[in-house]
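Report on the following structure.
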Amino acid sequence: MEKTEVFKKGIRLLKRSIKEKWEPIVAGTGVDRGASNCPLCQEFLKKGCEGCPILIETGARECEKTPFREWNKHHKEVHDLPISAPFRVMCPTCKKLAQNVLGFGERLYKKLTLTT
């Protein structure tokens, strides 16, 4: 079964999101600026997430059914940060939540690359 170019692009962008965004966040050297520094969102958000591998996997738009939601919620509720603030690892719970987001992305990437 041949994968579409959009699907292949989604896999490449997922890898970039892992390497360029979430690995540095977990390492304490990066920040989450929401969609503005997510390679997947840069490509797919303006299209209602259509073609995004996360939407394909979860059936939910804007990472709704992913560990990202807990990461986001934690920063707003515990650290009292506005949605527009860059989120970073600020406490042990942040680190765990960032690792959960990273792990989700890594598992999804592995799953998708096994099927191509």
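Per-residue extension of 0.36 nm, minus the Cα-Cα distance of LYS110 and LYS73, leaves a gain of 10.6 nm for this segment.
Straight-line cross-link reach from LYS8 at under 25 Å between alpha-carbon atoms covers these lysines, not counting any fewer than eight positions away in the same chain: LYS19, LYS21, LYS46, LYS47, LYS65, LYS110, LYS111. Peptide packing for 95-107, 76-88, 55-67 was compared via the average number of neighbouring C-beta atoms within 10 Å per residue; ordered from the highest value, the list is 95-107, 55-67, 76-88. For the range 44-54, 3J(HN,Hα) computed residue by residue from phi via the Karplus equation (6.51, -1.76, 1.60; θ = phi - 60°) reads 10, 4, 5, 9, x, 6, 4, x, 5, x, 6 Hz, glycine and proline entered as x.
Mean residue ellipticity, 222 nm, helices only, the chain: the sum of -39500 (n - 2.57) across DSSP H runs of n ≥ 4, divided by residue count and rounded to 500, is -16000 deg cm²/dmol. As a length-normalised measure over Cα pairs under 8 Å and 6 or more apart, the relative contact order of the range 5-114 settles at 33 percent. Normalised Debye scattering of the range 5-114 at q = 0.14, 0.21, 0.24 Å⁻¹ gives log10 I(q)/I(0) of -0.51, -1.15, -1.46, counting only Cα atoms as equal scatterers and leaving out solvent. The stretch between SER84 and THR4 holds 25.4 nm of extra length on full extension. This uses 0.36 nm per residue minus the Cα-Cα distance. Taking the 0 to 90 degree range and rounding to the nearest ten, how far is the long axis of helix 92-114 tilted relative to the main principal axis of the chain, both from C-alpha atoms? Computed tilt is about 0 degrees.
Principal-axis analysis of the Cα atoms of the chain puts helix 68-77 at an angle of about 20° to the longest axis.
No lab work stands behind these numbers, since they all come straight from the coordinates. Keep in mind that what you see is a predicted model, and the values were worked out from it rather than measured. Ideal geometry is used to build each Cβ from the backbone, glycine not excepted, and the neighbour counts take in all protein chains shown.
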